[in-house]
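Okay, structure first, notes after.
The values are calculated or read from the model by the stated rules, or taken from the named source; none is laboratory data. Being a predicted model, the structure only gives us computed values, none of them experimental. All Cβ positions, glycine included, derive from the backbone under ideal geometry; neighbour counts span all protein chains shown.
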Amino acid sequence: TTYTDEEKNQLLETLYTLNKPHNILVMAYFLSSLLVGVISYENTPYLILYGKSGKGKSRTARMFNFVDIKTDNLTSYQYKVYANGWGCGFGLLDECKELRNDVIQLLKENATSYMYDKKHGQKYKHIYKLCGVLTCNDIFDLKTNNPDDLAGFLRRQLTYKVRDEDIIEGIAKDVKYLLKNRLKLQRMFIDWILSQNPKELREVYEEIEEEEQYKFIYFGLGLLFKFWTDNGFDVDIKCYKDILNMLKEGEQQ
């Protein structure tokens, strides 16, 4: 897809109004997820957004996800089919109710591995590096046959509870407009990433002194800050640091 300078300015001005933590997290997560083939991430955690219905948990995620992953009775094989071949970006598991144990194990593996082996008489390697945003009404709505597996999975993820104050009123038309032009939005972010120096990006990531699971999103928040400033928008860096602290509080909760 392509876009004009006028379209770019209008889309970015509209997107800029989505300045609440869950929207910012999705955009930052997307930027980091585009670089899984460039940065040697120790871990690529899932971003879990939860909260009551109607708070816009999946709204921004749908603007940037590469694929909607069907969550009903999801098996590890089905996940591999969805993810195979992407190599970057994220998939959306919307309103996920149950994570099978084999899927949980696969998602843990996918957080640190780029490929899976598939045997048909001989061994083939398939790319299936796809990060993920998972939404649910409540973290306790997630079910599995083995609660210990689920607990271990959750400890490795980024978890944010969408609050009442995160809702932005009167933006239904803006959201509809952004969703209609989602491919152009994605292209703008991708074009900006392609304009960056890979060596400098790797150096920035290596210098981050954060716990393993938070380095990924900390890096993404820094990328998003630079994205906005490069495009002429004012951003409060303190707001981004506060969001990181909210994630850490969410893990404790």
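What the table shows:
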{"quantity": "Any chance L47 is more than 18 Å from V235 (Cα to Cα) and either at pLDDT 95 or above or under 16 Å from the mean Cα position of the chain (by Cα) (or both)", "calculated": "yes"}
{"quantity": "Criterion (over 15 Å from Y128 (Cα atoms), touching a Lys or Arg at 6+ places or on another chain (Cβ under 8 Å) and surrounded by fewer than 22 Cβ atoms within 10 Å (Cβ to Cβ)) met by exactly one of S40, S58", "calculated": "S40"}
{"quantity": "Residues of region 76-97 satisfying the condition of being of a type in the set (G, A, S), on the phi < 0 side of the Ramachandran plot and in contact (Cβ under 8 Å) with a residue 40 or more places away in the chain", "calculated": "A83, G91"}
{"quantity": "Residue list for region 64-105, filter: closer than 11 Å to C131 by Cα, surrounded by fewer than 18 Cβ atoms within 10 Å (Cβ to Cβ) and aliphatic (A, V, I, L, M)", "calculated": "V67"}
{"quantity": "Given (1) farther than 16 Å from R59 by Cβ; (2) touching a residue at least 24 places away in the same chain (Cβ under 8 Å), index of the condition D148 fails", "calculated": "(2)"}
{"quantity": "Qualifying position, being under 26 Å from D148 (Cβ atoms), among the aliphatic types (A, V, I, L, M) and either at pLDDT 85 or above or part of a loop (DSSP other than H, G, I, E, B) (or both), among V38, V26, V103", "calculated": "V103"}
{"quantity": "Close pairs from region 57-75: first in contact (Cβ under 8 Å) with a residue 24 or more places away in the chain, partner in a loop (DSSP other than H, G, I, E, B) and of a type in the set (D, E, K, R), Cβ under 7 Å, at least 6 apart", "calculated": "S58/D94; D68/D94; T71/D94; T71/E95; T71/K97; L74/R100; T75/R100"}
{"quantity": "Helices (runs of 4 or more DSSP H) completely within region 176-250 that count 2 or more residues being within 21 Å of R62 (Cα to Cα) and under 19 Å from the mean Cα position of the chain (by Cα)", "calculated": "182-194, 212-230"}
{"quantity": "Count of region 68-94 residues which are assigned to a loop (DSSP other than H, G, I, E, B), touching a Ser or Thr at 6+ places or on another chain (Cβ under 9 Å) and under 27 Å from L194 (Cβ atoms)", "calculated": "2"}
{"quantity": "Any chance I217 is touching a strand residue (DSSP E or B) at 6+ places or on another chain (Cβ under 8 Å) and among the hydrophobic types (A, V, I, L, M, F, W, C)", "calculated": "yes"}
{"quantity": "Among the residues listed as N181, N145, the single one being of a type in the set (S, T, N, Q) and buried (at least 18 other Cβ atoms within 10 Å of the Cβ)", "calculated": "N181"}
